[in-house]
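To start, the structure under review is shown below, and the notes come after it.
Please treat every number below as a calculation from the coordinates, not as lab data. Since we're looking at a predicted model, the values are computed, not measured. Positions of Cβ are backbone-derived with ideal geometry, glycine not excepted, and every protein chain shown enters the neighbour counts.
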Amino acid sequence: MLKQHLQQKLLQKLSPQQIQFIKLLQVPTVALDTRIKEELEENPALEDPSLMVADEPVNEYDDLNDSPDDFDASAKEENTDEFNVDDYLQDDSVNDYSTSYSNGDDDEEKKETPIAIESTFFESLQEQLDLVPLSNNDFIIGKQIIGSLDDDGYLRRPITSMIDDLAFSQNVIVEEEDVLEMLKVIQSFDPPGIAARDLQECLTLQLRRKDASNPIIQKAIIIVENYLDEFTRKHYDKLEKSLGLSSEDLKEVINEILRLNPKPGDSNQVTTKQLQVIPDFHITNNDGVLILTLNSKNAPELRVSRSYIDMFEHYDKSAQKDKKLKEAVQFVKQKLDSAKWFIDAIKQRQQTLLKTMNAIMQYQYEYLLTGDERKMRPMILKDIADKIDMDISTVSRVANSKYVQTEFGTFLLKSFFSEAIQTESGEEVSNKEVKKILEDCISNEDKRKPLADEKLTDILKERGYNIARRTVAKYREQMNIPVARLRKEL
């Protein structure tokens, strides 16, 4: 039996302009220039005056008239019979948006965008292979081995799999012994330890390149080949007994092993894509007053094309409005709208970035003045969202992808947010303050008797921080500090 009933649903739909703004908000400064260039290429109605040739006439209508926060859907209904040219024009006056909460602009951001540097690791190995006199088959095997290495320089692909690859892709039939012989050749290349199949072989290859007559090197090879597990677990007493070494001699051997590179691929390789961080904001200290400036790359001088506006006006004044003309002008209007919405989204992005960062700066004023982590206040996304009357998701998008440069370093905004911990006196402090104390305690501990988590918990309790041992362990792990046994030194 069929039944009919009415159902009400509350749905939230984002307009194309709001989606565009959200996407732009997430883009960091280093990538904004690329995004703007893409839009300029796609939309001829959008122009960047800084890219125009010097003798081109200056457009007296540089910017748009609408407010960046105005995303009224009703204003975007397309009507080919009613156009308002004023929607796309504005007097050539000062910018209605600023890149700073202070006086002036920052000239420092006129730098070029950093260039991504591609890895040269495999090229270096290939150059070394080219210098070795080899048969055609051996050369092909060598190339196969180099191509099978991981970025850290290890050969984790099984020999049998490489033999199959050579047979199917290169039509080269080889035996396992042939591959192993060529593997020894590759392992003789620089950097030492390359093409090892595991950590033990990697360290052994490096040690065997050193002075074999040195007793320290000899003992180090024995430890790596026979007692690597005891070494990694820092069971030094067992090593002393097994090798008949004193604590001082063992310390020398261990220091020799610690100087080896567990990831030799990294030693001859620039990180595959290494981009310098360009800060989105700058905070300067002017005699105790913090001044916030937005990177000027976030404020491009975009405008709507005058030629497209002229086409718009021509249609508006035209007495005859045939179908073809309407279709042409519909296309023009679409491009004008798109240019207008993009500029509005860029403006709103600037205002949102400044508004959010200014609220964060005011909230963490003492910390940003001194750089002392103990003065960082506990702060969550909701604190800033409430302060600037915006959604938590908006604050999150800014915090997760933007950097600020201070006199103490360049930081991701996310690093200013932290949980609150209550002291015995009832005061709320940031968990970063507790982490700083833990870090200080561990850096100043006796490395022969490092502090266990229980002892660290007791120290914090003595200072008024009533925290459970498991919380101390969690903070230690977040700071990538190993357990006490693995921090032990001779």
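Rounded to the nearest 0.05, the FRET efficiency derived from the C-beta distance between Glu42 and Ile380 at R0 = 35 Å is 0.35.
On the principal axes of its alpha-carbon atoms, region 189-236 has extents of 33, 26, 12 Å, going from largest to smallest.
Would you mind checking the pairs Lys37/Lys326; Lys263/Lys432; Lys375/Lys435; Lys219/Lys263; Lys234/Lys449 and listing those with alpha carbons more than 20 angstrom apart?
With Cα atoms farther than 20 Å apart: Lys37/Lys326; Lys263/Lys432; Lys219/Lys263.
Modelled spin labels at Lys324 and Glu366, positioned 7 Å past Cα toward Cβ, are 7.5 nm from each other. Extension gain, Arg259-Val172: 0.36 nm per intervening residue step, less the Cα-Cα distance, totals 27.3 nm. Computed on the Cα trace of region 124-204, the radius of gyration divided by the Kirkwood hydrodynamic radius gives Rg/Rh = 0.94. Find, among the GluC sites (Glu not before Pro) in region 426-490, those assigned to loop by DSSP (not H, G, I, E, B) with at most 10 other beta-carbon atoms within 10 angstrom. When the GluC sites (Glu not before Pro) of region 426-490 are filtered for loop state and at most 10 Cβ neighbours within 10 Å, Glu427 remain. Extension gain, Gln334 to Arg233: 0.36 nm times the residue separation minus the Cα-Cα distance gives 29.7 nm. FRET efficiency for the pair Ser246 and Asn214, taken as 1/(1 + (r/R0)^6) with r the Cβ-Cβ distance and R0 = 22 Å, rounds to 0.80. Rg ratio for region 346-490: its Cα radius of gyration over 2.2 N^0.38 Å, N being its residue count, equals 1.21. Phi angles of region 277-294 translate, via the Karplus equation with coefficients 6.51, -1.76, 1.60 and θ = phi - 60°, into HN-Hα couplings of 6, 9, x, 7, 10, 10, 10, 10, 9, 10, 6, x, 10, 7, 10, 9, 10, 8 Hz per residue; Gly and Pro are given as x.
Based only on the alpha carbon positions, what is the Kirkwood hydrodynamic radius of region 168-208, in angstrom?
Result for region 168-208 stands at 11.3 Å.
FRET efficiency for the pair Asp165 and Glu225, taken as 1/(1 + (r/R0)^6) with r the Cβ-Cβ distance and R0 = 41 Å, rounds to 0.85. Rg ratio for region 166-270: its Cα radius of gyration over 2.2 N^0.38 Å, N being its residue count, equals 1.31.
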